[in-house]
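The values are calculated or read from the model by the stated rules, or taken from the named source; none is laboratory data. The structure presented is a predicted model; accordingly, all values stated were derived computationally and were not measured. So basically every Cβ, Gly included, is an ideal-geometry build from the backbone, and we count neighbours across all protein chains shown.
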Ligand SMILES: [Fe+2]
């Protein structure tokens, strides 16, 4: 464990590896068994994506991130909870079903055998469309995404796959776009690979599918980028030193992520790009860290604050290989770290805000880009996700939920209507219960971290990554919650 002392860890008391079993079953249940009482105001859907199946014929994917995408929908209406799940009907999934083997390259799995096939797959549409990382609602469209540039639109009610949503202006992108408050559109990042590589940020309007590049910066070896930060003025491009020479991807004989190299000597380099002019400031340099998820960012007294879930190095990528996880081996875990960039002195300082937090969420509609107080996420004290934690950015961890034998996923914050307090609302988390072998949707009071209700699904839901709550109360509900962690 890189960030939390070994002594703070406790041995696993339960076998949580059942959450890595594949799920083949698609179903629809009108009313799940429900314990407790849902808030009357909570009406809408928790929609999630995640890997659900890691096998194709006799072959098995190599990494947690590789599994075929499945959509899950918990519908909440009139005190009852429905559930449905469907595989995303991607080219990657259908080809594997038809041929009984892995056909498309995934994050850490590459089926190509010949050099020609590798080069061909890098520069042709054979990139995977297995959008299993995160989803957003952009205008009226539901779009699920991964890090290859093929976002997939689906029907938010039926979970039916519609098709490719838009074409990002680059080859490597993130599944963590931000809301552009002014337009109701979306901001995201893509790395343009070619004779001159460049980072690009682009914007998509809520009702369009033509990306407009708003800022870009040249780069020789792009860093692995899972998310980025946003303040009211700046796009925050944090380059953690896991970098790739892009030409190596088709030539190396290794799957995508195994072409990246950890180069701590580069440190962490943070560049600020003006959202209006595209002008770049930086890079501002600090110690090497690795990070999947930014928590929030904002401007304060001549500084830019960037909060992120950080690791000392990129070991976590190795730790999430499927055979390790199915064997119950522990994974490294992140801390929440605050970077303060003093724009006057150009110095970057950082401090730990909390130990043990990943898959972070905030009251996004209210506080993203702005000073804020609270974040929620999951910890892994036993080596795998076993607690939901609440972090007060002024005080560190101030509350948690856990239950023996249970493994909670990302806690999605849903704000209570007309609430005064930033933390007034609920958290929705899909929890794997190793005792029953099933998963349930847990509803917590986000302020107190106490359980309000749980609705049990008819089967386990394989460990996934991200989802969004779409409220039925508002005309454009996800405009305020469309970000992912
Ligand atoms: Fe993520």
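The table below lists the values:
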item: Sole exception among (1) touching a strand residue (DSSP E or B) at 6+ places or on another chain (Cβ under 6 Å); (2) more than 17 Å from residue 282 (Cβ to Cβ) for residue 184, by number; result: (1)
item: Criterion violated by residue 265 - all others in (1) surrounded by fewer than 17 Cβ atoms within 10 Å (Cβ to Cβ); (2) out of contact with any strand residue (DSSP E or B) (no Cβ under 9 Å at 6 or more places or on another chain); (3) in contact (Cβ under 8 Å) with a residue 40 or more places away in the chain satisfied; result: (3)
item: Residue in region 214-226 that is part of a strand (DSSP E or B) and either out of contact with any strand residue (DSSP E or B) (no Cβ under 9 Å at 6 or more places or on another chain) or farther than 27 Å from residue 350 by Cα (or both) present; result: yes
item: Identity of the residue in region 233-251, part of a loop (DSSP other than H, G, I, E, B) and under 22 Å from the mean Cα position of the chain (by Cα), that ends up nearest to the ligand (Cβ to nearest atom); result: 240
item: Which numbered condition residue 285 misses (of (1) farther than 23 Å from residue 107 by Cα; (2) more than 16 Å from the ligand (Cβ to nearest atom); (3) surrounded by 21 or more Cβ atoms within 10 Å (Cβ to Cβ)); result: (3)
item: Residue identified as surrounded by fewer than 17 Cβ atoms within 10 Å (Cβ to Cβ) and away from the ligand (no atom under 16 Å from the Cβ) among 222, 205; result: 205
item: Region 105-134 - residue that is in contact with a helix residue (DSSP H, G or I) (Cβ under 9 Å, 6 or more places away or on another chain) and at pLDDT 85 or above and, of those, nearest to the ligand (Cβ to nearest atom); result: 133
item: Residues that are surrounded by fewer than 23 Cβ atoms within 10 Å (Cβ to Cβ) and either assigned to a loop (DSSP other than H, G, I, E, B) or within 16 Å of the ligand (Cβ to nearest atom) (or both), drawn from region 160-173; result: 160, 165, 166, 167, 169, 171
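One line per residue, one yes/no per condition, for (1) within 16 Å of the ligand (Cβ to nearest atom); (2) in a strand (DSSP E or B); (3) surrounded by fewer than 22 Cβ atoms within 10 Å (Cβ to Cβ):
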| residue | (1), (2), (3) |
| --- | --- |
| 293 | yes, yes, no |
| 296 | yes, yes, no |
| 305 | no, yes, yes |
| 308 | yes, yes, no |
| 313 | no, no, yes |
| 317 | yes, no, no |
| 325 | no, no, yes |
| 330 | no, no, yes |
